[in-house]
Each structure stands twice: as C-alpha cells, then as structure tokens.
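First comes the structure, then the notes that go with it.
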Amino acid sequence: MKKKLITISDLAHKLKLLDKKTGKPQTHTLRFWEKKFSQIRPTKLDGGRRLYSIKQVEIIELINYLLKDRRLSIENAKIILKKNINNLDDYHLSSVKVDYIKKNLKDKSLKILNKINKYKFNGKKNSY
C-alpha cells in the first residue's frame with residue numbers, strides 16, 4: 001500500500017500560504033514551523049526536497065488553524081499540541097478543539113456540496 005505524500009509547495013497552496021502579489025507559495029513559513037514544532041518531520045529527499053505524509057499534513061493544518069485562525073502564539077500552540085488535542089480536559093483548550101473540528105467539518109461539507117452541485121447541474125437539463 002502506497003503512502004500519499006505531498007510536496008512543500010502543494011502543501012503551501014492547500015493551506016493558502018501564498019504571496020499576495022505574486023501568488024507563489026510561501027514555503028518558508030512551513031520550513032520555519034518545522035524548526036518551532038517538533039511534531040513536524042517531513043521526509044527529506046536528496047537535494048533537500050520535502051515530502052509530507054497525510055499525518056504530517058493534519059498536524060500542520062492544526063498548527064495553521066491555531067496560529068492563523070485562532071491567532072495563538074507559537075508557545076500556546078505548542079502547549080495545545082503537547083497536551084494531545086484528542087484528550088483535552090481544560091474547558092478553554094477543548095473549545096479550541098471543538099472550533100477546529102467544526103471548521104474542518106464545514107470545509108469538508110462545502111467541498112462535498114460543491115461536488116454534488118457540479119454533478120447535479122452539469123450537462124443535464126431538468127425536463128419539467
């Protein structure tokens with residue numbers, strides 16, 4: 001069974017880490033996060049090319065959410081990651097978990113809805 005790996009550039013696009021003027025991916029942000037968060041360990045190929053596993057992408061998406069959406073500091077994001085996001089007892093921290101799960105569910109639901117609408121309205125006319 002093959003593991004799906006994603007390049008650093010593709011991951012930056014997925015997270016919308018793009019330069020506003022040029023539209024180029026801001027891969028330096030991901031490389032910086034690698035230094036700050038011990039949970040991020042991409043596979044490095046010859047020449048330093050980075051590939052991220054699905055598990056790594058999930059962790060980075062959470063980090064992106066905590067830093068960009070929740071506007072937490074790097075230190076506070078580290079605390080949440082070290083406490084294992086699935087076993088949080090603290091009310092404040094578990095509210096972060098709930099918000100993150102809601103955001104992910106909403107994003108995935110919108111993608112599914114868009115696909116349904118695309119298939120529903122592409123090419124076939126209603127014959128009412």
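Read-outs throughout are calculated quantities, based only on the coordinates presented, and are distinct from any laboratory measurement. Owing to the predicted nature of the structure, the values given are computational and were not obtained by experimental measurement. In this analysis, Cβ positions are derived from the backbone assuming ideal geometry, glycine residues included, and neighbour counts consider all displayed protein chains.
Shape class for region 1-82: oblate, because the ratio a/c of the largest to smallest gyration tensor axis (alpha-carbon atoms, square roots of eigenvalues) is 1.5 or more and b/c is at least a/b. Using the structure shown, list the pairs from LYS44/LYS118; LYS14/LYS115; LYS20/LYS115; LYS4/LYS106; LYS4/LYS35; LYS78/LYS115 with a Cα-Cα distance above 26 Å, or answer none. Over 26 Å Cα-Cα: LYS44/LYS118; LYS20/LYS115; LYS78/LYS115. Residue exposure proxy: TYR119, TYR52, TYR100, ordered by other Cβ atoms within 10 angstrom of their Cβ from fewest to most, comes out as TYR119, TYR100, TYR52. Here the Karplus relation 6.51 cos²θ - 1.76 cosθ + 1.60, evaluated at θ = phi - 60°, turns the backbone of region 35-41 into coupling constants of 6, 8, 10, 5, 6, 8, 9 Hz, with x for every Gly and Pro.
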